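I have placed the structure first, in the form of structure tokens, so that the comments after it can refer back to it.
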Amino acid sequence: MNPRIDSWSGKRVWMIGASTGIGAAAAARLLRQGARVALSARNAARLDAVATGAANALALPLDVTDHASVLAARDAIIAAWGGIDLVLVVAGGYNEMRADSFDLDAANAMVDLNLRGAFNCLDAVLPVLLRQGAGGIGIVASVAGFGGLPKALVYGPTKAALINLAESLYLDLRPRGIAVYQINPGFVDTPLTAHNDFPMPAIISADEAAAAMLEGIEHGQFHVHFPRRFTNSMRLARLLPYRAYFWLIHKVTGL
């Protein structure tokens with residue numbers, strides 16, 4: 001559904017959320033393969049660590065909830081490289097929440113980070129991509145967006161919104177020559193999952209997740225999801241009647 005990428009050499013990639021987890025691992029892989037990678041996240045020291053020794057790296061700290069900082073980083077990339085070939089919006093957060101512990105402030109903060117942050121990134125990059133008539137954008141959502149899950153009272157809806165967003169973007173942008181990637185990881189061993197106290201089936205390392213994400217993008221897939229032994233099961237589960245779906249989720253998670 002998107003053009004294949006046969007080589008990353010010289011590609012201009014903006015990795016938003018590059019300080020830890022999948023974003024950091026994917027950035028490191030791209031740098032080793034010769035891509036020019038702009039690294040963005042809030043933690044400047046971690047960005048510098050990812051960029052260490054790579055002449056093709058550009059560390060640009062930002063906060064996706066701060067629109068002005070996203071625009072400033074975009075401007076710095078254009079000034080340095082003249083354009084952008086791929087934007088990957090990986091930045092996001094997880095805050096465990098259930099109905100008996102609903103916290104409006106925490107809920108709004110997660111919406112700001114996971115959803116409004118993505119909109120801030122879109123506002124920065126869409127004019128560039130449309131002007132180029134080429135390039136691509138990938139948005140990292142989650143299998144938590146496929147359907148309701150325990151402890152994901154706010155996280156899940158923000159990821160469901162990102163899934164819908166990527167689908168809408170594809171319909172608008174592919175006819176204009178711009179690739180769109182909807183990226184849905186399952187459980188990945190990152191700081192976001194480190195404190196989970198429930199079973200995480202088929203959990204993989206951040207480097208394994210990064211490899212799967214980049215492979216899907218290279219092959220031109222629209223829906224990039226991994227590990228497939230788990231994500232395909234979650235997709236099939238959504239075809240079940242609700243009574244069966246809810247029973248299955250409780251059975252798997254024990255929650």
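The values are calculated or read from the model by the stated rules, or taken from the named source; none is laboratory data. All values reported here derive from a predicted model rather than from experimental measurement. So basically every Cβ, Gly included, is an ideal-geometry build from the backbone, and we count neighbours across all protein chains shown. Protein only, heavy atoms only, side chains kept; ligands, DNA and RNA dropped before computing areas. Shrake-Rupley method; radii C 1.70, N 1.55, O 1.52, S 1.80 Å.
Quick one: longest stretch of the chain between exposed loop trypsin sites (Lys or Arg not before Pro), exposed meaning at most 16 other C-beta atoms within 10 Å and loop per DSSP? Walk me through the numbers on the way to the answer.
Numbers: sites that count: Arg4, Arg42, Arg98, Arg238.
The longest such stretch corresponds to 99-237.
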If one takes the longest principal axis of the Cα atoms in the chain, at what angle in degrees, from 0 to 90 and to the nearest 10, does the Cα axis of helix 21-32 lie?
30 degrees
FRET E, pair Phe246, Gln33, Förster distance 45 Å, beta-carbon r, rounded to 0.05:
0.55
What percent do you get for the relative contact order of the chain when only Cα pairs under 8 Å and 6+ apart count?
19 percent
Over the chain, give the accessible area per residue in Å² for a 1.4 Å probe, as an integer.
45 Å²
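Take the solvent-accessible surface of the protein heavy atoms, probe 1.4 Å, and return the percent of it on the stretch 181-255 that carbon and sulfur atoms account for.
Values: 2370 of 3940 Å².
Carbon and sulfur atoms account for 60 percent of the accessible area of the stretch 181-255.
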Measuring from the longest principal axis of the C-alpha atoms of the chain, the long axis of helix 228-237 (C-alpha) lies at a number of degrees, nearest 10, equal to 50 degrees
Whole-Å distance linking the alpha carbon centroid of the stretch 6-33 with that of the stretch 98-126 is 24 Å
Just want to confirm a number: the relative contact order over the stretch 154-226, from Cα pairs under 8 angstrom separated by 6+ residues, in percent.
31 percent
Where the centre of each part is set by its Cα atoms, how far does the stretch 226-253 sit from the stretch 46-70, in angstrom?
37 Å
For a paramagnetic label modelled at 7 Å from the Cα of Glu167 toward its Cβ, which residues of the stretch 218-254 fall within the zone defined by backbone nitrogen distances under 17 Å?
222-225, 232, 234-240
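Hey, with R₀ at 25 Å, roughly what FRET efficiency would Met200 and Ala68 work out to, going by the Cβ-Cβ distance, to 0.05? Could you put the intermediate results ahead of the total?
Numbers: r = 37 Å, r/R0 = 1.47.
Efficiency, rounded to the nearest 0.05: 0.10.
Counting helices only, and only those DSSP H runs with n ≥ 4, report the 222 nm mean residue ellipticity of the chain as the sum of -39,500 (n - 2.57) divided by its residues, in deg cm²/dmol to the nearest 500. Don't jump to the answer; show the numbers that get you there.
On the way: 9 runs with 113 residues, N = 255.
Mean residue ellipticity at 222 nm (helix-derived): -14000 deg cm²/dmol.
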Could you list which residues have their amide H under 5 Å from that of Ala38, counting only those 5 or more apart in sequence or on another chain, with H placed in the peptide plane?
Val13, Trp14, Met15, Leu58
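Note down the relative contact order for the stretch 195-255 as a percent, whole number, built from C-alpha pairs under 8 angstrom at least six residues apart.
On the way: 27 pairs, mean separation 25.9, N = 61.
Here the relative contact order equals 42 percent.
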D (µm²/s, integer) via Stokes-Einstein for the stretch 208-255, Kirkwood Rh across alpha-carbon pairs, 4 °C, 1.567 mPa s: value 106 µm²/s
